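Written below as structure tokens is the structure these notes are about.
The values are calculated or read from the model by the stated rules, or taken from the named source; none is laboratory data. Please read these numbers as outputs of a predicted model, since none were measured by experiment. Here the Cβ positions follow ideal geometry from the backbone for every residue, glycine too, while neighbour counts run over all protein chains shown.
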Ligand SMILES: [Zn+2]
């Protein structure tokens, strides 16, 4: 942890606290802010940076990231624009023509935009010579040719691989295209996040083990704070290591203690997704006649969910429960209440009004991804008709006292907190009016939900800071112009524990 003196900065009042209007100096010592005052004396040997009147605030967090997929996705064939199965297959064919003999790993297609799922035989028609594996934009299924299925050890079929079967197969993707999760690739992705003002993230990568992050950290991927989440498959390893949420992953469990890399929650994926119509809902989907499960379904029984929550609670682990449909949210809340587990509901995309109040009563966080609403708006009107008023219900959540924590679910949407804030404020990706504007947040509310619950910078604050060229709480003439200003926010400096991790060129 490092010392740093930032001079002549303007404090961003994070939760409306009244603050001095004058420019202040901010001194970070040993990783923590020790002084905030108009003229702080510089201790010997401490670096001094002139903020020149810029705004200073706690650094930004992305509370929901699949970091390996984000790092690898940056290197994959982008199929997010494919409007049909045929178009996706054609893009794969082009890629093979450009790079003959090379396996293809693609990313980002959405069955709902394509009208249907692709089949194995349609990709076999493109190539039987190289493996082709296309991972859906929500990460909940993969569409492969027969060779790719065989390389992954999956049984032959003429359809996509879904949910748990796919999550189990995901760690074998390097068998197809080699490793793309190199330390260099991580460093590059973390630097890009730091350039946006990100100081920390929660990593929900599937089936992660402890060792990779510890190794990666020693390979120089130690730029930001990382909370590493385990899944049920890794729970015994975490228990054996004696790790509770908040503990440093290293220290007694590795060669170097570093409080920036810590144990996060146990992650449970309790239901599916909207895109695959597998999120578990109280009412049937709009196109229920096409579905095997008309209202989606839970990924595990209620007893299994409670056993996991109870186990985690008994050993000091928080639980992050993915629940997208309203039935999944309701059942997860009952399970938290039954077991005394703490933590978060991840996504909470469709909620019943009363359940929002229960989230607050149980003291759980709502870890939400506003940028998903930009993509899901039209799909929601189609598959959850008449339920749009209960989607991404951020206003209800704040009204009821729920602690909101914004994230991206990268790679589902880009690892960019400004995009999340903009989506929460404006709720539209195009020229249309905001989608259910009554659920929109102000910039101040969106910003407060993006800083890991940290207050206005003051003595005792974490030395995790951003310097911004503009006021992030400014309200423009319209929510559209406010959102545009957030998306273009220039970040001059990002600091983690007193250490500069980004400096604008
Ligand atoms: Zn996720």
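Might you check whether a residue that is farther than 25 Å from residue 372 by Cβ, surrounded by fewer than 18 Cβ atoms within 10 Å (Cβ to Cβ), modelled with pLDDT under 95 and in contact with a helix residue (DSSP H, G or I) (Cβ under 6 Å, 6 or more places away or on another chain) occurs anywhere in region 113-126? No, region 113-126 contains no residue that is farther than 25 Å from residue 372 by Cβ, surrounded by fewer than 18 Cβ atoms within 10 Å (Cβ to Cβ), modelled with pLDDT under 95 and in contact with a helix residue (DSSP H, G or I) (Cβ under 6 Å, 6 or more places away or on another chain). Taking (1) assigned to a helix (DSSP H, G or I); (2) within 16 Å of the ligand (Cβ to nearest atom) in turn, residue 121 satisfies each apart from (2). Condition (residue is in a loop (DSSP other than H, G, I, E, B), under 30 Å from residue 293 (Cβ atoms) and either more than 16 Å from the chain's Cα centre (by Cα) or in contact (Cβ under 8 Å) with a residue 40 or more places away in the chain (or both)) applied to region 168-188: is it met by at least one residue? Yes, region 168-188 contains a residue that is in a loop (DSSP other than H, G, I, E, B), under 30 Å from residue 293 (Cβ atoms) and either more than 16 Å from the chain's Cα centre (by Cα) or in contact (Cβ under 8 Å) with a residue 40 or more places away in the chain (or both). Figure legend. Inter-residue proximity from region 131-149: first residues over 19 Å from residue 66 (Cβ atoms) and within 15 Å of the ligand (Cβ to nearest atom), second residues at pLDDT 95 or above and in a strand (DSSP E or B), beta-carbon distance below 9 Å, spacing 6+ or different chains. No pairs are indicated. Being touching a strand residue (DSSP E or B) at 6+ places or on another chain (Cβ under 7 Å) and either within 16 Å of the ligand (Cβ to nearest atom) or part of a helix (DSSP H, G or I) (or both) is the filter here, so list the residues in region 306-317 that pass it. 308, 309, 312, listed by residue number.
Residues of region 323-342 that are within 16 Å of the ligand (Cβ to nearest atom) and either out of contact with any helix residue (DSSP H, G or I) (no Cβ under 9 Å at 6 or more places or on another chain) or not in a helix (DSSP H, G or I) (or both): 323, 324, 325, 328.
Go through region 63-116 and tell me which helices (runs of 4 or more DSSP H), entirely inside it, have 3 or more residues that are farther than 17 Å from residue 181 by Cβ.
It comes to 85-98, 111-114.
Against the definition (surrounded by fewer than 18 Cβ atoms within 10 Å (Cβ to Cβ), away from the ligand (no atom under 16 Å from the Cβ) and part of a loop (DSSP other than H, G, I, E, B)), how does residue 159 come out, yes or no? So residue 159 fits the description; yes.
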